[in-house]
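Below is one structure, written out as C-alpha cells; comments come after it.
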Amino acid sequence: MGKLLLRNATIVTGNRTVSGCLGTDKGLIQGIWEGDNCPESAREEAEVLDLKGWVILPGVIDAHVHFRDPGMTQKADIGSESRAALLGGVTSFIDMPNTQPPTTDETTLDAKREKARKTSWCHYGFHLGATNGNPDFLRRAAQSPDLRPHFGGIKVFMGSSTGGMLIDRNDILDHIFSIPGKPVLVHCEDENTIRKNLISARLRYGDDIPVWMHPYIRSREACIRSTKRALELASLHGTRLHLLHITTAEELDLIRRAKDKGMSVTAETSANYLWLSENDYLSKGALIKCNPAVKTVGDCAALRHAVLDGTIDTIGSDHAPHLMTEKRNPYMQCPSGMPTLQESLSVMLTVARQEGLSLPRLADLMATGAARIFGIRGRGILAPGMAADLTIVDPAAEFTVSKPAYKCGWSPYEGVTLCGAVRMVFLDGKPVVKDGIVLPGSPNGTALTFDA
Ligand code: DOR
Ligand code: ZN
C-alpha cells in the first residue's frame, strides 16, 4: 500500500478541525499536522495531493442499511449497494437482518459475511435479528468470543415492516431486553395503534387510501407509545438501548428525559426525516412512503434541533431499496422504504450549512458515533493509527442529484439541489472514488470487527 500525503485540507479530527495535512502509510493514518508542518518521513516516497482547501471527514459509517441480499437481489445486492455507498462517501455499512432468509442465527450470518467478503466494495458488518424463537441464541452470541466481534447489535421490530419480523410477545421482549453485551436496536411503532388507524382509513377510503394518510396510519401516537414501552423495558432490564429512526418531537423529549436519568440510551434518525415533511407526499407520493412515516414540519424542525443539541447520537440512512414498479402500486400494495445511502452525507452537509452544525459534530453523527455505539475497531475517527478511510468533500459545492448507482435505479432526491459534494474517497488509504466515479478495481471491503 503506497503512502499518501494529503495537503491543504481542513481535517476533522475528533472535536476539532486542523488546517493542514494528513499522511497515511500501510492503510493507516500516520499523522495529522498543522499547515505544511509534517515530518520529512511523511513526505518520503509519498504521493502528494493538494486538496484545495477541501474537507477530510472520517469515511461515513452507515449502521442502518437494507441491502436485500440474500433473497431480494432483484431490488439490490451487497455488490451494487456497497459501490453506490462509496460514491456517497460511505466506507462502512452495517446491514439489517430483514433479508430472506432473515439473519437470525450463525448460519445466516456466516452466509452474509461470506457474500460480502467476495462482493463488497466497502467495509461491512451485520446486525442480528430477534425472533420469537432465538433469544437463547442471541444471548449466547452476545457473550461468545467467537461470535461477538462479528455482529453489530440485536435488531428488534416492535412494529411490523418489510420482512415480517414483528415481536409482540412480552416474555420474548423481556428476554431480549435483558441480554447484556450488545446494543439492542429497536424499531418502535405500536402495532395495535397502526391496525386501528388502518381500519378507519379503509372504512373511509376503501382500497384507495391516499399516500398522505401514511403518517396518520403509522401515526405519531404509534411511535410515541412504542418508544415509551422500549424505554420502560430498557429501564427495567438495564438494556443498552439504541432507538432507530426517531421521527417525532415527543419521542425526542422521552429520549432527553431518559438520558437525563442516566439511562444507557442512544438515538438515531435518518437524513430523510431532517429533510422531508408531510408536505412532500404531494410531490413525491409513495416514493417517500417509509416506516416510520415522514411526519410534520414541526417534527422535522424538532429533529434538526435534536441533532444540534446531541439528543440524536447518529445518522443512519435507512437505505431501503424497492423497485419503481413496486412503488407505483396502490397504497396497500406499495412497499415501505426508500433508497438514500448515496445522498445521505450530502443531505447532512446541506442541513449542517442551514443549521450551523459544526464539522466535528457532523463527523460524529456520520461516523464516530456509530463506531462508538457498536464498538467498531480502528475506524470512524481521523487520528494516527486509525484506518485511513477518508471521505473528501467540498462543503460549498452545490449540485443537483442525478440518477443514483443503486440497483433499483432511483432515489427520492433526484432533481434536488444539495450543498456538499463528495470529491474523493479512500478506503484503507487506497483511492476508490474520484471525479464521481468508482475507480477501476475489484471489491475490496473487509469485515468490521465489533470489539472496541
Ligand atoms: O420503510 C421501511 N423499510 N421501514 C423498515 O422498517 C424496513 C424497510 C425495508 O426493509 O424496506
Ligand atoms: Zn430500517
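Throughout, read-outs are computed from the coordinates displayed, never taken from laboratory work. Computed from a predicted model, the values in this text were never measured in an experiment. Backbone-built Cβ (ideal geometry, glycine too); neighbour counts: all protein chains shown.
Ranked by Cβ crowding within 10 angstrom, fewest neighbours first, how are 52, 430 ordered?
Working: 52 11, 430 17.
Final ranking by Cβ density, sparse to dense: 52, 430.
Using only Cα atoms, find the angle between the long axis of helix 344-355 and the longest principal axis of the chain, and express it within 0 to 90 degrees, rounded to the nearest 10.
That works out to roughly 90 degrees.
In whole Hz, with x marking every Gly and Pro, tabulate ³J(HN,Hα) for the range 15-32 from phi via Karplus 6.51 cos²θ - 1.76 cosθ + 1.60, θ = phi - 60°.
For the range 15-32, the Karplus-derived couplings read 9, 9, 10, 10, 8, x, 10, 10, x, 10, 8, 6, x, 10, 6, 8, x, 10 Hz, x marking Gly and Pro.
Work out how far the C-alpha atoms of the chain reach from end to end along every principal axis, then list the three figures in whole Å, largest first.
Principal-axis extents of the chain (Cα, largest first): 72, 48, 43 Å.
Binning at 5 Å from 0, report for the range 354-452 what percent of all alpha-carbon pair distances ends up in each bin.
Calculated P(r), rounded to whole percents: 3, 10, 15, 21, 20, 19, 10, 2, 0.
For the chain, take the longest principal axis of its alpha carbons; what is the angle in degrees between that and the long axis of helix 220-237, to the nearest 10 within 0 to 90?
Orientation of helix 220-237: about 70 degrees from the principal axis.
Could you tell me whether the range 131-289 comes out rounded, prolate or oblate from its Cα gyration tensor? Rule is a ≥ b ≥ c as square roots of the eigenvalues, rounded for a/c under 1.5, then prolate if a/b exceeds b/c, otherwise oblate. Spell out each step's value before the answer.
Details: a/c = 2.02, a/b = 1.73, b/c = 1.17.
Prolate is the answer for the range 131-289, as a/c is 1.5 or above and a/b outweighs b/c.
Near residue 374, within a Cβ-to-Cβ distance under 11 Å, what is the net charge of the other residues, with Lys and Arg +1 and Asp and Glu -1?
After counting each charged neighbour, the total is +4.
Length gain on complete extension for the stretch residue 261 to residue 284, per 0.36 nm per residue less the alpha carbon to alpha carbon distance?
Extra length from residue 261 to residue 284 when fully extended: 4.3 nm.
Using Cα-only point scatterers and the Debye equation, what is log10 of I(q)/I(0) for the range 1-65 at each q in 0.12, 0.18, 0.19, 0.20 Å⁻¹, rounded to two decimals?
With no solvent term, the Cα-only Debye profile gives -0.30, -0.63, -0.69, -0.75.
Under a cut-off of 30 Å between alpha-carbon atoms, report the lysines in cross-link reach of residue 289, not counting same-chain residues fewer than 8 places apart.
Answer for residue 289, where 30 Å is the Cα cut-off: 75, 112, 115, 155, 196, 228, 327, 403, 407, listed by chain and number.
Go through 194-207, 306-319 and give me the packing order, highest mean Cβ count within 10 Å leading.
306-319, 194-207
With each run of n ≥ 4 DSSP H residues scored as -39500 (n - 2.57), what mean residue ellipticity at 222 nm is computed for the chain after dividing by its residue count and rounding to the nearest 500 deg cm²/dmol? List each step's numbers first, then the result.
Values: 16 runs with 143 residues, N = 452.
It lands at -9000 deg cm²/dmol.
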